[in-house]
Amino acid sequence: MMEIQTMKELNEACQREEKSIGEIMLMMEAEKSGRDQQAIISMMEERLIKMKEAVDNGIKDATTAPSGISGGDAVKMNDYVQQGKSLSGSYISNAMSFSLATSESNARMGVIVATPTAGAAGILPGVLFSLHKNDGTPYKDLVMGLFTASMLGLVIANRSFISGAAGGCQAEVGSATAMAAGTIVELKGGTPLQAVNATAIAMKSLLGLVCDPVAGLVEVPCIKRNVIGTSIAFSAADMSLAGIESRIPCDEVIEAMYKVGNDMPRTLRETALGGLAMTETGKRVKERLFCRKS
Amino acid sequence: MEFQSCFDIIGPIMVGPSSSHTAGVVSIGKFIHELLGDYPKEVKIVFYDSFAETYQGHGTDKALLGGLLGMDTDDSRIKNSLEWAKENGMQYEIEFESCCEYFDHPNTTIVTAKRGDCVVKVGGASLGGGLSKIFMIDDDMVAIRLSAGDDFSALASSYHPRKKVMDKAI
């Protein structure tokens, strides 16, 4: 049975089998689960459909989350983009809107798909549905993109972390952004090595980012960090597709993320005891929310 | 390697806002629902540590009650499960403790649930990314891994809730 523990092994497996990263994931999943590939693809399709529904619901919903500290920004962003005002170009602008829509839905207890967590659920759908909108990438390719993303995510999750509580936001939004960057590259015809390079470049850009949610909620600053994650994913993918390599190999970047996460104090790992959570405004929000109901 | 499947990374399909404080907790409730074979009529919930600190914002209480009522992680009724519980005549109380003496994890709960003559006391921890673990059933320490797609009724079928013994516990 094929076991892949590093990005180096992943790249070698792609070369040896003459398959994409997504195809390797699909093959491994079939081997491990005993399900046939078509059944696995159908399960992944179901997830893509749920992601699309979250985007579609979120993009027209201007209501606030129960906390009152998020909501309504996806509508604003979408209006702005549709007026042709955005500076970032349509790929990034659309991804920003879709990502906001998903993360705001998440805060309202709407249905989303954890990719890899709920806190980072906006990034992958943001970039995938932006690719679909801008260059017509078909849904069946987006489904394969989810296999690419999960393969990259599995290596990261097993060698480092994917949750803010464990390794800070670098582990959560960082991992999701890195997965998204590699996925864009593969969907745009880049080689597995280029996809892995984009993963490394994206992760390096978010290294050290702390997890400091106001009042412990997955809203401030999480939602906007998902949005920014999509633009980092596109920038990293563009660099890699241009032939630019990460000077530090991806496996070493992941190891660095792990070490940085371990060195991060507990106050900056989803305890709401540091960073933005402990600003004057952050503390006021916490007091207001915790006094209201209890 | 803790993460095995592509669906450990892409998934679960869930109601927000948190894979650890919401989705993982629905699974713990759903497992208890399967243990009893139906939803409990009376429930005592203890939330520990991080669950006790942040349950309101994450809807951890709604998630647990939703699971106890038989809902899955992606059931949009979870948002209104407090009302659903009332409608079904489910009585519940929630207590808060700083740390759990049975299991060392910040996201831990112990639930005592009663239906008719059956009472179960179950300890669960939500490990992250929607993955959970049942660590205690009645007085036995166990290790049952719960992932949102699993067949909880099969996982619960080897444990039989005790009858009438724990009336005082509730």
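The values are calculated or read from the model by the stated rules, or taken from the named source; none is laboratory data. Please read these numbers as outputs of a predicted model, since none were measured by experiment. Neighbour counts are summed over all protein chains in view; Cβ atoms, including those assigned to glycine, are modelled from backbone coordinates with ideal geometry. Surface areas here come from the heavy atoms of the whole protein model, side chains and all, with no ligands, DNA or RNA. Shrake-Rupley method; radii C 1.70, N 1.55, O 1.52, S 1.80 Å.
A few comments on the model shown:
- Between A and B, buried accessible area from a 1.4 angstrom probe totals roughly 3100 Å², ignoring ligands, DNA and RNA.
- Alpha-carbon Debye profile of the range B:79-170, log10 I(q)/I(0) at 0.25 Å⁻¹: -1.41
- When the Cα positions of A:Q83, A:N94, A:G145 are compared along the charge dipole of chain A, A:Q83 comes out farthest toward the positive end, with charges on each C-beta of Lys, Arg, Asp and Glu.
- Ranking B:M90, B:L68, B:L155 by Cα position along the charge dipole of chain B, where only Lys, Arg, Asp and Glu carry charges on their C-beta atoms, puts B:M90 farthest toward the positive end.
- Dipole of the range A:7-293 computed with +1 at Lys/Arg Cβ and -1 at Asp/Glu Cβ about the Cα centre; of A:N226, A:G282, A:A74, farthest Cα towards the positive end is A:G282.
- Relative contact order for chain A, counting Cα pairs under 8 Å that sit 6 or more residues apart, in percent: 19 percent
- Paramagnetic reach from A:S88 in the range A:170-196 [backbone N under 20 Å; point 7 Å along Cα→Cβ]: A:170-188
- The tail of the calculated P(r) for the range A:144-244 beyond 24 Å holds 19 percent of all Cα-Cα pairs.
- Normalised contact order of the range B:1-88, rounded percent, pairs of Cα under 8 Å and 6 or more residues apart: 37 percent
- Under the Debye formula (equal points on every Cα, no solvent term), log10 I(q)/I(0) of the range B:17-157 at q = 0.18 Å⁻¹: -0.92
- Solvent-accessible heavy-atom area per residue, rounded to whole Å², over chain A at 1.4 Å: 40 Å²
- Among the residues of B:125-132, the average count of other protein chain beta-carbon atoms within 10 Å of the residue beta-carbon is 3.
- Between helix A:192-206 and chain A: long-axis angle, C-alpha atoms, 0 to 90°, nearest 10: 20 degrees
- Longest to shortest principal axis, alpha-carbon extents of the range A:3-50, angstrom: 32, 22, 19
- For the range A:196-286, convex hull of alpha carbons as volume per residue, Å³: 86 Å³
- Angle in degrees between helix A:90-107 and the longest Cα principal axis of chain A, rounded to the nearest 10: 60 degrees
- Annotation: average projected area of the range A:234-294 is 6.9 square nanometres, based on the convex hull of Cα atoms across all directions.
- Dipole moment magnitude, nearest 20 debye, chain A about Cα centre, only Lys, Arg, Asp, Glu C-beta charged: 1100 debye
- Take each peptide in A:200-210, B:101-111, B:144-154, count the other Cβ atoms within 10 Å of every residue, and average; sorted highest first, the result is A:200-210, B:101-111, B:144-154.
- Taking all Cα pairs closer than 8 Å and separated by 6 or more residues, the relative contact order of the range A:91-201 comes to 24 percent.
- Relative frequency of Cα-Cα separations exceeding 36 Å in chain A, percent: 13 percent
- Using a cut-off of 26 Å between Cα atoms, the listed pairs A:K286/B:K62; A:K32/A:K140; B:K30/B:K114; A:K224/A:K283; A:K50/B:K44 include A:K50/B:K44 as exceeding that distance.
- Computed from point charges on the beta carbon alone (+1 for Lys and Arg, -1 for Asp and Glu), the dipole magnitude for the range A:193-294 about its Cα centre is near 680 Debye.
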